[in-house]
1. Within segment B:157-188, which residues are open to solvent by 10 Å² or more (accessible area, probe 1.4 Å) and polar (S, T, N, Q)?
2. Give the residues of segment B:158-188 that are within 14 Å of chain A (Cβ to nearest Cβ) and among the β-branched types (Val, Ile, Thr), sorted by residue number.
3. What residue, among those in segment A:189-228 that are of a type in the set (Gly, Ala, Ser) and buried (at least 24 other Cβ atoms within 10 Å of the Cβ), is farthest from the other protein chains (Cβ to nearest Cβ)?
4. Somewhere in segment B:319-330, is a residue more than 19 Å from the chain's Cα centre (by Cα) and either within 26 Å of A:Glu257 (Cα to Cα) or within 14 Å of chain A (Cβ to nearest Cβ) (or both)?
5. Limited to segment A:44-69, what total is found for residues that are crowded, with 18+ Cβ neighbours inside 10 Å and hydroxyl-bearing (Ser, Thr, Tyr)?
6. Could you identify the single residue in A:Ser41, A:Ser99 that is in contact (Cβ under 8 Å) with a residue 12 or more places away in the chain and surrounded by fewer than 19 Cβ atoms within 10 Å (Cβ to Cβ)?
7. Only one of these conditions is not met by B:Gly240: (1) more than 24 Å from A:Phe311 (Cβ to Cβ); (2) more than 17 Å from the chain's Cα centre (by Cα); (3) open to solvent by less than 10 Å² (accessible area, probe 1.4 Å). Which number is it?
8. Hey, among B:Thr18, B:Thr104, which residue is out of contact with any Cys (no Cβ under 9 Å at 6 or more places or on another chain) and within 14 Å of chain A (Cβ to nearest Cβ)?
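The values are calculated or read from the model by the stated rules, or taken from the named source; none is laboratory data. If you're wondering where the values come from, they're calculated on a predicted model, not measured in any experiment. Counting neighbours? That spans all protein chains shown, and the Cβs are built from the backbone with ideal geometry, glycine included. Note: areas computed on protein heavy atoms with side chains; ligands, DNA, RNA excluded. Shrake-Rupley method; radii C 1.70, N 1.55, O 1.52, S 1.80 Å.
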Number of protein chains: 2
Amino acid sequence: MISPVEWEGDSLKILDQTKLPDEIIYLNTDDYHLVIEAISSLRVRGAPAIGVAAAYGIALAAQKLDSNDTAEFINKLDSVLEEFASSRPTAVNLFKSVSRMKNTISPDSSVENLREALWHEAQKIHQEERFATQQISKFGAILIEDGFTVLTHCNTGPLATAGYGTALGIIIEAWRQGKKIDVLATETRPLFQGARLTVWELQQAGVPVRLIIDSAAGYYIKSGKVKCVLIGADRIAASGDTANKIGSYSLAVIAHENNVPFYVAAPSSTVDLSIESGDDIIIEERSPAEITNIGGLQITPQQVTALNPAFDITPAEYITSIITEKGLIKQPFDKNLKKVLRSSKDAVS
Amino acid sequence: MISPVEWEGDSLKILDQTKLPDEIIYLNTDDYHLVIEAISSLRVRGAPAIGVAAAYGIALAAQKLDSNDTAEFINKLDSVLEEFASSRPTAVNLFKSVSRMKNTISPDSSVENLREALWHEAQKIHQEERFATQQISKFGAILIEDGFTVLTHCNTGPLATAGYGTALGIIIEAWRQGKKIDVLATETRPLFQGARLTVWELQQAGVPVRLIIDSAAGYYIKSGKVKCVLIGADRIAASGDTANKIGSYSLAVIAHENNVPFYVAAPSSTVDLSIESGDDIIIEERSPAEITNIGGLQITPQQVTALNPAFDITPAEYITSIITEKGLIKQPFDKNLKKVLRSSKDAVS
């Protein structure tokens, strides 16, 4: 399984996903600024993978911070934490990672112990995401029946999660279980995560996949061929409203209209109980150039205004179930998300 | 007003829309095979413009057909008519043009008179489309209120119609009437007719336009900013079911879900009363390379299966009104389309 981010003793190895599938280029760095740049520019992307990369990036910064005085060290690290927190606005995993790293810091520790604790916490976050996505894959695969055509959007595989994948992890697990399934993958404009990454990851796993443009999804859902729509998430509010890649909302409405199940798969680290509804989730607006230029080629007239929201909100009412590492969460989400997330695995609804 | 196709005495001048907006390149040809190639490869596109180009192409072929024997001439021309009829499968205007040209042929005429009659019929088809789109623009503009943000898909301006435009003609007419409107134009994958052509045509007309990716349409419709969705059509069945650029169905469902009016604008030549419902409309499947390659750049892994349906069907139930040159047609379309199309302009519902 290819890994988007790996700790290598005193540096971080990041797979540059903007270069895939043409080139497999790794960025080896001990400079945390480059980790932030990699997050901002989507060299590492996908909510869980961003969380892991940020944790390692903070651990890396801690190793390099030039101070032996705990107070000074913590002070400097606080700025680093803020820099990471502002690298992208929508995926909650980023903020949870930053917050966990912050909570690791004790003013009573030596700088050396702090560095060690931060490194351990980053490792732990990574291991937890790996375990969570493995569990998600298993729980979700139960929903995928033999012969299903599954439609998925954007990229939610190992590359996006630093683990087994969420929506794509489920698909790959169902295939590994011997179910004869196939996938319709949306290309996912503007950055083609579907065309570049999802197709590539599914091909590597041997799962039959056909690529479609984003706006052809409705055609195939209406045709009756698609048996379920399965996506990941960047942030899930307490209500179950889900922020995910732009276009997810449209897929959910069309699936709903055609009585096709619409599943969201995400580790519980993606759920943000502090946010009541989707209205309160900040939607990242990215550069218009991502739309107007492709591989250096401008496809529009020279002077054009383009709007580039990177995410949209799917209201909970359109979501059939949410698949987490703690099990399948059913409606009503406002009640069941809290119940599951605040309890042990045994109490899953 | 830029014209996609013009008759120039003994040749046809076709604007190569695949090169827009970078280059304004005209193809001047007296070889009808090149007209067919221009239709197949989308150098001329848009249902009404295809109809006009085919009519001129047939008139051109008639001028060059090497025969002075009427029976032989008609025989040869029949093959030409068939070649045009198979150049694209979905837009009905093409078949209606071919059929009208065929009906012009009388076995009692001299070859010279037949050539003349075919040329006149082509001119007439063009003039009728011009007049129809002018009327559509006026009738439709009534629906666009001052301050509206209108969302449109694909390209339906002068370029697509060899006239004033359908959906885009309405938008431009509303702007000319002094209404302060603005447009959200979808880029329209895979061939970017929105990003390349609609943005360009609106800029030329001075109408404020912002470009979005196709899958961001739902986000803006749900936000309440979009006051109506306005599209063209490639074929409208007797039921009102409408074939149009892939993605139209999704927009219609989302508009319906958010109580946003969804209008279809098309000349009556686009209505095909011989087809009962959308189920019977043939959907063109185009080359996967249109999806996997952009400007010579392959964006996917080398071996990938892509599906590329060029159109989808919007069921009549999602359409608020159909705007034709004979006026605004309201629900129920199965009754009102027949009433309007089989009557004079005075009987418009």
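1. Correct list: B:Gln177 only.
2. So the first thing to find is which residues in segment B:158-188 are within 14 Å of chain A (Cβ to nearest Cβ), and the list is B:159, B:182-188.
Hits for segment B:158-188 are B:Val183, B:Thr186, B:Thr188.
3. Of segment A:189-228, the ones of a type in the set (Gly, Ala, Ser) are A:194-195, A:205-206, A:215-218, A:223-224.
Going one step further and asking which of them are buried (at least 24 other Cβ atoms within 10 Å of the Cβ), we end up with A:194-195, A:215-218.
Working: A:Gly194: 9, A:Ala195: 5, A:Ser215: 3, A:Ala216: 5, A:Ala217: 7, A:Gly218: 4 Å.
Checked segment A:189-228; the qualifying residue farthest from the other protein chains (Cβ to nearest Cβ) is A:Gly194.
4. Going through segment B:319-330, the residues more than 19 Å from the chain's Cα centre (by Cα) turn out to be B:320, B:330.
Pick out the ones that are also either within 26 Å of A:Glu257 (Cα to Cα) or within 14 Å of chain A (Cβ to nearest Cβ) (or both) and you get B:320, B:330.
Yes, there is a match, as at least one residue in segment B:319-330 is more than 19 Å from the chain's Cα centre (by Cα) and either within 26 Å of A:Glu257 (Cα to Cα) or within 14 Å of chain A (Cβ to nearest Cβ) (or both).
5. Residues of segment A:44-69 that are crowded, with 18+ Cβ neighbours inside 10 Å, as a first pass: A:44-62, A:65.
Now narrow it down to the ones that are hydroxyl-bearing (Ser, Thr, Tyr): A:56.
Going through segment A:44-69 one residue at a time, the tally reaches 1.
6. Numbers: A:Ser99 fails: in contact (Cβ under 8 Å) with a residue 12 or more places away in the chain.
Result: A:Ser41 is the single residue among A:Ser41, A:Ser99 that is in contact (Cβ under 8 Å) with a residue 12 or more places away in the chain and surrounded by fewer than 19 Cβ atoms within 10 Å (Cβ to Cβ).
7. Checking B:Gly240 against (1) more than 24 Å from A:Phe311 (Cβ to Cβ); (2) more than 17 Å from the chain's Cα centre (by Cα); (3) open to solvent by less than 10 Å² (accessible area, probe 1.4 Å), the one that fails is (2).
8. Details: B:Thr104 fails: within 14 Å of chain A (Cβ to nearest Cβ).
One residue alone meets the criteria, B:Thr18.
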